[in-house]
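Please read through the structure below; I'll follow up with questions.
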Amino acid sequence: MTDYRRDVNLQAHNTLAVPARARYFAEADDIPSVRAALEFARAQALPLLILGGGSNIVLGDDFPGLVLQVGLLGRELIAEDDHYYYLRVAAGENWVQLVDYCLQRGYWGLENLSLIPGSVGAAPIQNIGAYGVELCELFWELEAVAVDSGEQVRFDRQACEFGYRDSVFKGRLRDRYLITSVTLKLHREPQLNLSYPALREALADQPAEQLTPAQVSRAVCAIRRSKLPDPAVVPNVGSFFKNPLVTVEQYQSLQEDWPDLVAFPVDDRRVKLAAAWLIDRAGWRGYREGPVAVHHSQALVLTNEGHGSGAMVLALAAKIADSIWQKYRVQLEFEPRVYP
Ligand code: FAD
Ligand code: NAP
């Protein structure tokens with residue numbers, strides 16, 4: 001029987017440590033409990049917040065409905081062929097632990113995605129990515145329960161409509177499905193991706209052909225620890241803004257004013273701007289406003305050391321986005337999902 005607790009403080013459930021409250025809070029650790037909780041919310045017309053590790057949400061206020069923590073656990077090797085292992089992982093598993101588990105067993109491909117906080121079930125939501133690799137490259141399929149009917153549905157890679165830090169679950173199908181498991185297609189032979197300059201530099205003293213996935217993972221972890229605040233110590237949600245995609249024409253015009261603008265080609269028509277560069281050059285790095293601040297070594301990260309409200313964090317984020325618009329005429333989008 002699921003326990004629906006009332007008026008629960010969510011501070012320990014979001015890595016920004018915002019002390020917002022939930023009207024109801026429940027944890028579901030099997031599919032029948034997931035269905036029962038969805039029915040509980042539906043019957044009372046409660047808004048629903050599906051929660052993993054809380055590392056990509058901003059609670060702008062108390063949540064007036066049910067916060068449902070996904071606690072489904074388990075990993076299963078469901079198939080293998082000459083080239084791949086197919087590993088099904090329950091949504092409530094921790095992503096960092098999954099990467100270690102795969103490294104220990106020789107299921108390769110997740111190395112560059114080491115040390116990304118959060119749950120496995122949230123990984124497809126924004127198609128997590130880092131150091132030149134995105135989840136969609138290792139993704140086979142996911143299973144989900146429809147929020148309105150409780151029906152179980154499978155989504156293959158195409159159906160997820162993955163994009164840059166994006167998927168169908170952030171757009172057209174937002175809030176419509178609770179992901180229960182993700183199946184990954186992992187390599188039997190190492191396929192190292194050293195395309196990211198910072199990673200190549202960190203491993204430069206070793207010939208590329210002698211490198212192992214474990215070394216790549218360790219290098220990724222070391223770079224991340226040197227640049228990013230640990231949310232357990234300094235509350236944050238990682239990058240607060242997405243890197244904006246602009247047209248080639250807009251990029252060329254910006255480059256005339258800002259010759260050292262940091263940007264990367266995406267395709268023939270679009271260029272990705274480094275949001276951190278825009279924010280840094282607008283003078284925000286290290287800026288503090290009461291309990292919230294722009295991190296001193298990574299301008300994309302907003303911190304909440306003083307355990308301020310989500311509204312305070314959002315107010316600072318809005319000021320930054322506005323100043324970027326005024327300075328460069330580039331619209332910054334928030335990466336984390338804002339609730340309620
Ligand atoms: P939550 O914050 O709990 O939820 C995020 C969204 O997903 C919410 O809308 C929620 O409703 C939805 N959701 C969660 N679980 C489910 C489910 N089972 N079914 C349906 N919807 C669900 N992200 C990157 O892409 N790359 C990085 O390198 C990276 N680095 C980070 C570093 C730090 C220090 C931090 C704090 C964050 C970083 N992030 C990064 C962001 C974050 O870790 C990822 O987005 C992660 O996948 C979020 O997982 P979560 O379980 O905490 O999701
Ligand atoms: P960085 O190395 O300082 O680079 C700054 C930005 O430039 C990154 O956002 C990255 O885009 C882009 N970039 C750098 N080299 C690139 C290349 N060769 N090709 C395409 N784009 C390139 O970045 P960082 O802040 O330390 O982060 C390192 C990696 O971890 C990045 O991939 C970043 O996305 C990821 N990360 C994500 C979060 C999050 O919350 N989403 C938090 C921390 C780190 P991309 O972001 O598109 O890679």
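Values quoted throughout were computed directly from the atomic coordinates according to the rules given, and no laboratory measurement underlies them. Note that the structure is predicted; figures quoted are calculated from it, not measured. Neighbour counts run over all protein chains shown; Cβ positions are idealised from the backbone, glycine included.
Calculate how many DSSP beta bridges within the chain are antiparallel, expressed in % of all such bridges and rounded to the nearest 5. All intermediate terms of the calculation are to be shown ahead of the outcome.
Numbers: 46 of 59 bridges.
Percent antiparallel among DSSP bridges in the chain is about 80.
Assuming 0.36 nm per residue, please report the length gained on full extension of the stretch residue 262 to residue 100 beyond their Cα-Cα distance.
On the way: separation 162, 0.36 × 162 = 58.32 nm, distance 3.27 nm.
Roughly 55.1 nm would be gained on extension.
Still on this structure: Mind checking the full-extension length gain between residue 252 and residue 45? Use 0.36 nm per residue of separation minus the Cα-Cα distance, one decimal, nm. Numbers along the way, then the final one.
Working: separation 207, 0.36 × 207 = 74.52 nm, distance 4.96 nm.
So the extension gain works out to 69.6 nm.
Follow-up. Starting from the Cα of residue 193, step 7 Å along the direction of its Cβ; do the same at residue 322; then give the gap between the two resulting points in nm.
Going by the 7 Å Cα→Cβ label model, 3.8 nm.
I've got another one for you. Expressed as a whole number of Å, what is the distance separating the alpha-carbon centroids of the stretch 24-70 and the stretch 268-293?
That distance is 32 Å.
Along the stretch 235-244, what does the Karplus equation 6.51 cos²θ - 1.76 cosθ + 1.60 (θ = phi - 60°) give for ³J(HN,Hα), rounded to whole Hz, x for Gly and Pro?
My calculation for the stretch 235-244 gives x, 6, 10, x, 5, 7, 10, 7, 6, x Hz in order.
Just want the ordering: 7, 280, from fewest to most Cβ atoms lying within 10 Å of their own Cβ. Write down the numbers at each step before the final one.
Working: 7 10, 280 17.
Ascending Cβ contact count within 10 Å gives the list 7, 280.
Based only on other Cβ atoms within 10 Å, what is the fewest-to-most ordering of 297, 114? If you can, show how the numbers build up before the last one.
Numbers: 297 11, 114 24.
Taking fewest neighbouring Cβ atoms as first place, the list is 297, 114.
Please report, in Å, the Rg and the Dmax of the stretch 1-120, where both are computed over Cα atoms only.
16.7, 52
I need the Debye-formula profile for the stretch 204-292: one equal scatterer per C-alpha, no solvent, reported as log10 I(q)/I(0) at q = 0.15, 0.16, 0.21, 0.22 1/Å, two decimals.
Taking Cα atoms of the stretch 204-292 as identical point scatterers yields -0.86, -0.92, -1.06, -1.07.
Name the trypsin sites (Lys or Arg not before Pro) in the stretch 1-55 that are in a loop by DSSP and that have at most 11 other C-beta atoms within 10 Å, would you? Before the final figure, lay out each step's value.
Working: sites: 5, 6, 21, 23, 35, 42; in loops: none.
Those that pass, being in a loop and sparsely packed, number zero.
Follow-up question, since we're still on this one. How much length, in nm to one decimal, is gained on full extension between residue 215 and residue 146, taken as 0.36 nm per residue of separation minus their Cα-Cα distance? Intermediate values should be presented prior to the final figure.
On the way: separation 69, 0.36 × 69 = 24.84 nm, distance 4.01 nm.
Once the chain is fully extended between residue 215 and residue 146, it gains 20.8 nm.
Under the Karplus relation 6.51 cos²θ - 1.76 cosθ + 1.60, θ = phi - 60°, what is the ordered set of whole-Hz ³J(HN,Hα) values for the stretch 29-36, x standing for Gly and Pro?
Result, ordered by residue: 10, 8, 5, x, 5, 4, 4, 5 Hz.
Please go through the stretch 261-308 and write out the trypsin sites (Lys or Arg not before Pro) that DSSP classes as loop and that have at most 15 other C-beta atoms within 10 Å.
For trypsin sites (Lys or Arg not before Pro) across the stretch 261-308 that sit outside H, G, I, E and B with at most 15 neighbouring Cβ atoms in 10 Å, the list reads 269.
Counting other Cβ atoms within 10 Å of each Cβ, which GluC sites (Glu not before Pro) in the stretch 207-264 have at most 14 and sit in a DSSP loop? Please list the in-between numbers first.
Details: sites: 209, 249, 256; in loops: none.
Taking the stretch 207-264 and a limit of 14 other Cβ atoms within 10 Å, no loop GluC sites (Glu not before Pro) are found.
If you don't mind, another one. How much mean residue ellipticity at 222 nm does the chain get from its helices, if each DSSP H run of length 4 or more adds -39500 (n - 2.57) and you divide by all residues, to the nearest 500 deg cm²/dmol? Mind showing how you got there, number by number?
Values: 8 runs with 85 residues, N = 340.
Dividing the helical sum by the residues of the chain leaves -7500 deg cm²/dmol.
Set the Förster radius R0 to 35 Å, insert the Cβ-Cβ distance between residue 29 and residue 156 as r into 1/(1 + (r/R0)^6), and round the FRET efficiency to 0.05.
Working: r = 26 Å, r/R0 = 0.75.
The value I calculate is 0.85.
Whole Å is fine, so just give me how far the alpha carbon centre of the stretch 72-126 lies from that of the stretch 160-207.
The stretch 72-126 and the stretch 160-207 have Cα centres separated by 11 Å.
Long-range amide H contacts for residue 180: which residues qualify at under 5 Å (H placed 1.01 Å from N, peptide plane, sequence gap of 5 or more or a different chain)?
Excluding prolines and chain starts, which carry no amide H, the hits are 143, 144, 145.
Still on this structure: Given R₀ = 22 Å, what would the calculated FRET efficiency be for residue 270 paired with residue 83, taking r from the Cβ atoms and rounding to 0.05?
On the way: r = 32 Å, r/R0 = 1.45.
Given R0 = 22 Å and the Cβ-Cβ separation, E is 0.10.
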